[in-house]
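Derivation of every value follows stated rules applied to the coordinates shown; laboratory data play no part. This is a predicted model, so every value here is computed, not measured. Counting neighbours? That spans all protein chains shown, and the Cβs are built from the backbone with ideal geometry, glycine included.
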Amino acid sequence: MSSELGGFLRGRRALVTGVASPRSIAWGIAQALHAAGAELAFTYQNEKLRTRVEQLAAGTGSELVLPLDVTEEGQIEALFERLAGAWDHLDILVHSMAFAPREALEGSFTAGCTRQAWHTAQEVSAYSLVALARAALPLMGEGPEAGDRALLTLSYLGAERVVPNYNVMGPAKAALESAVRYLAADLGPRGIRVNAISAGPIRTLAASGIGGFRQMLEHVAAHAPLRRNVTIEEVGRAAAFLCSGLASGITGEILYVDAGYHVMGVTAPAAG
Ligand code: NAD
Ligand code: 0WE
């Protein structure tokens, strides 16, 4: 793996949020960053996940594993204070989290999109990117070797098109993608690039218990140009690219890693 990717992130320091299991997209990204030579730090959402993230981190040679629940007042600032104790700068920040109350991810959009569901989805899934970017600035926007730093987040097609049951998460991902563009414009002059990967559906914890998810995976595999679903390894490699000097001219971009599904207009079989 290491030889396949070469050492194009050797010596780069990356903070990866959103690892909850070995199926997490953030874990696919962490493995690809590690394979390309990056040095990693991780965050975990709560004590229940701590040991698991510590074990996964150890597999990448990382012992920097810090708590982060973005809804807890002060935790974002505390995270970067602790990180600054270990690292004098940060090259890469991966934002890989989303949450909406489960009841809002089924049935009628109009009925389920309550004020509380909206606020929660927006806070965890969109605002947290901006809050993390702001708190990371002292470590990312200044200091040694400043220049070509990268922020990366994860989005989904439901930001732009209607996906049944994605509901309140659609406007949250739309806000996230817009924030990518505003952050790119604001932080570009400091050498920080800001991009998103819009991934195709992948069976992770965040997908478990979503009604009809298996059928959606089958639908994508049947109709995507590549006739299959994507893997966390594929998202990981695209993430490593976007966070590296290979992508030094790319910012404000939403890159689809979805086996091409998003280009389809009509998914009915060809006539004739
Ligand atoms: P996952 O369950 O493995 O990861 C979601 C992460 O969000 C978890 O690590 C969880 O701890 C974290 N999180 C939730 N609330 C949080 C909070 N308050 N503070 C800090 N962290 C919090 O699932 P995943 O599919 O890997 O999701 C990662 C990202 O990928 C999300 O942004 C998701 O929208 C996006 N995405 C997923 C898919 C898919 O089909 N799985 C497709 C496209 C995009
Ligand atoms: O962004 C997501 C899922 C995010 C998510 C998942 C959960 C499940 C557990 C946010 N909040 C919660 N809340 C919970 O209680 N994805 C891109 C994966 C996903 O979720 C869907 C999808 C896809 C794809 C929901 C409906 C339809 C499609």
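How big is the Rg/Rh ratio for the range 166-272, C-alpha atoms only, Rh by Kirkwood, two decimals? Show your work: numbers first, answer last.
Working: Rg = 16.0 Å, Rh = 15.6 Å.
Rg/Rh for the range 166-272 comes to 1.02.
Using the Cα centre of the chain as origin and beta-carbon charges of +1 (Lys, Arg) and -1 (Asp, Glu), tell me which of 11, 93, 247 is placed farthest towards the positive end of the dipole.
Positive-most Cα among the choices belongs to 247.
Could you work out [θ]222 nm for the chain from helices alone, using -39500 (n - 2.57) per DSSP H run of at least four and dividing by all its residues? Round to the nearest 500 deg cm²/dmol.
Numbers: 10 runs with 105 residues, N = 272.
It comes out at -11500 deg cm²/dmol, rounded to the nearest 500.
Given H placed on each backbone N at 1.01 Å, which residues far from residue 21 in sequence or on other chains put an amide H within less than 5 Å of it?
none
Under 10 °C and 1.306 mPa s, how fast does the range 1-61 diffuse according to Stokes-Einstein, given a Kirkwood radius computed over C-alpha pairs? Answer in µm²/s, whole number.
Numbers: Rh = 11.6 Å.
Answer, rounded: 137 µm²/s.
Return the distance in nm (one decimal) between the two label points of a simple spin-label model at residue 218 and residue 58, each offset 7 Å from Cα along Cα→Cβ.
About 4.1 nm, to one decimal.
Where does helix 232-242 land angle-wise versus the long Cα axis of the chain, in degrees 0 to 90, nearest 10?
50 degrees
Work out the P(r) tail for the range 32-131: percent of alpha carbon pairs separated by more than 16 Å, whole number.
Values: 3199 of 4950 pairs.
Summing the P(r) tail past 16 Å for the range 32-131 gives 65 percent.
Using Stokes-Einstein with the Kirkwood hydrodynamic radius over Cα pairs, what translational diffusion coefficient do you get for the chain at 37 °C and a viscosity of 0.692 mPa s, in µm²/s rounded to a whole number? Please list the in-between numbers first.
Details: Rh = 18.9 Å.
The Stokes-Einstein estimate is 173 µm²/s.
Quick one: which of 9-16, 177-184 comes out on top by average Cβ neighbours within 10 Å, and what's the full order, highest first? Before the final figure, lay out the partial values.
Working: 9-16: 21.9, 177-184: 18.1.
Highest mean packing first, the order is 9-16, 177-184.
Tabulate in residue order the Karplus-calculated ³J(HN,Hα) for the range 17-30, using 6.51 cos²θ - 1.76 cosθ + 1.60 with θ = phi - 60°, rounded to whole Hz; enter x for Gly and Pro.
Values per residue, Gly and Pro as x: 9, x, 7, 10, 7, x, 8, 4, 4, 4, 5, x, 5, 4 Hz.
Using θ = phi - 60° and the Karplus curve 6.51 cos²θ - 1.76 cosθ + 1.60, what whole-Hz ³J(HN,Hα) does each residue of the range 77-84 get, with Gly and Pro shown as x?
Taking θ as phi minus 60°, the curve returns 5, 4, 4, 6, 5, 5, 5, 5 Hz for the range 77-84.
Could you pull out every residue, at least 5 positions away or on a different chain, whose amide H is within less than 5 Å of the one on residue 155? Hs are placed 1.01 Å off N in the peptide plane, and Pro or chain starts have none.
Answer set, sorted by chain and number: 197, 198, 199.
Once label points are set 7 Å from the Cα along Cα→Cβ at both residue 228 and residue 47, what is their separation, rounded to one decimal in nm?
Between residue 228 and residue 47, the label points sit 4.3 nm apart.
Rounding to the nearest 20 debye, state how big the charge dipole of the chain is about its Cα centre with +1 on each Lys and Arg Cβ and -1 on each Asp and Glu Cβ.
Working: 22 positive and 26 negative charges, 127 e Å.
Roughly 620 debye, rounded to the nearest 20.
Amide H of residue 42: which non-local residues (sequence gap of 5 or more, or other chain) have their own amide H closer than 5 Å, using H built in the peptide plane?
Under 5 Å from the amide H of residue 42: 16, 64, 65, 66.
Mind jotting down a quarter of the surface of the convex hull over the alpha carbons of the range 32-83, in square nanometres, one decimal? Provide the component values of the computation, followed by the final result.
Working: hull surface 15.2 nm².
About 3.8 nm², averaged over all directions.
Between residue 262 and residue 123, what is 0.36 nm times their sequence separation minus the Cα-Cα distance? Round to one decimal in nm.
Numbers: separation 139, 0.36 × 139 = 50.04 nm, distance 2.63 nm.
Once the chain is fully extended between residue 262 and residue 123, it gains 47.4 nm.
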